[in-house]
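Reviewing the structure listed below.
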Amino acid sequence: MTASALTQAARDLSVTLGKMRFALPVTHVYCPLEYAWNIHERYLLRYGDGPKRVVFLGMNPGPFGMVQTGVPFGEIAVVRDWLGLEGNIAAPERINPKRPVEGFACMRSEVSGRRLWGLFRERFGTADAFSKEHFVANYCPLAFFNEGRNLTPDKLPASEQEPLLAACDAHLRTLVAALKPEWVIGVGAWAKARAVAALGTSGNVKIGHILHPSPASPAANRGWPQAAVRQLNELGVWAEPL
């Protein structure tokens, strides 16, 4: 029932966000919950059956990750070879020629996703072992582009952020109610801040964060897996080092 609740919540969020419009500097908006729904739904049904002890929460889709596969931090090789998900991906209604959606034929690698899922694969061995207590989600399912440049939700004008964040906050509360995690771990400080805003700090869910694995972060390029494991150990999320 948990996975079914997640799929319905994702559909509802997709409908809500589909009614929103974004002005310049946003030139294109991609919603993988629409054009990559077949893979995203399979991800939820296979790996979203709760409860989960830990939910890792990302920010929004990367251009070579979830944009291509429909899976949060969805680095192609990991999604195909470790999570065991593959299939046809449709195309957004308006394609940005500098950011094509090639699905599993995309030759680019999402470094953040390769690092994040690579850590989980190294620690747990199999995706099923990882998913017994863990789940990976994205706070916002929309990817925003200014021509070829990726825009994160925090860069949008306040008037556009307000309804977007309200919808994503509500979805996060639904996800947490379904999965009943002990921990929500933001992948990056912004995701943690959104979890705090949506869930508060006085409930049963503990909230923390780890360093974002983006290659744009000098700190992440200096031993990201070790840094993330150390943070998770210090929080008490994981008990043993990698």
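The values are calculated or read from the model by the stated rules, or taken from the named source; none is laboratory data. None of the values given here were measured: they were computed from a predicted structure. Cβ atoms come from the backbone with ideal geometry, glycine included; neighbour counts cover every protein chain shown.
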Legend entry - Every residue from the stretch 92-122 that is in contact with a Phe, Trp or Tyr (Cβ under 6 Å, 6 or more places away or on another chain) and of a type in the set (A, V, I, L, M): Leu116
Inset, instruction - Being out of contact with any strand residue (DSSP E or B) (no Cβ under 6 Å at 6 or more places or on another chain) and modelled with pLDDT of 95 or more is the filter; apply it to the stretch 197-209 and report the residue that is surrounded by the fewest Cβ atoms within 10 Å (Cβ to Cβ). - result: Ala197
Inset, instruction - Kindly establish whether Ser202 is more than 27 Å from Gly118 (Cβ to Cβ), without any contact (Cβ under 8 Å) to a residue 12 or more places away in the chain, assigned to a loop (DSSP other than H, G, I, E, B) and not aromatic (Phe, Trp, Tyr). - result: yes
Inset, instruction - Using the structure shown, decide if Arg123 is within 17 Å of the chain's Cα centre (by Cα), more than 29 Å from Thr16 (Cα to Cα) and at pLDDT 95 or above. - result: no
Inset, instruction - Would you mind finding the one in Ala127, Ala170 that is in contact with a Leu (Cβ under 6 Å, 6 or more places away or on another chain) and among the hydrophobic types (A, V, I, L, M, F, W, C)? - result: Ala127
Inset, instruction - Output the number of the condition that Val237 fails; it satisfies all remaining conditions of (1) touching a residue at least 60 places away in the same chain (Cβ under 8 Å); (2) out of contact with any Asp or Glu (no Cβ under 9 Å at 6 or more places or on another chain). - result: (2)
Inset, instruction - Give the number of residues within the stretch 6-43 that are assigned to a helix (DSSP H, G or I), out of contact with any Gly (no Cβ under 9 Å at 6 or more places or on another chain) and touching a residue at least 40 places away in the same chain (Cβ under 8 Å). - result: 7
Inset, instruction - Identify, from the list Ala195, Ala191, Ala166, the residue that is free of Cβ contacts under 8 Å to residues at least 40 places away in the same chain and of a type in the set (Gly, Ala, Ser). - result: Ala166
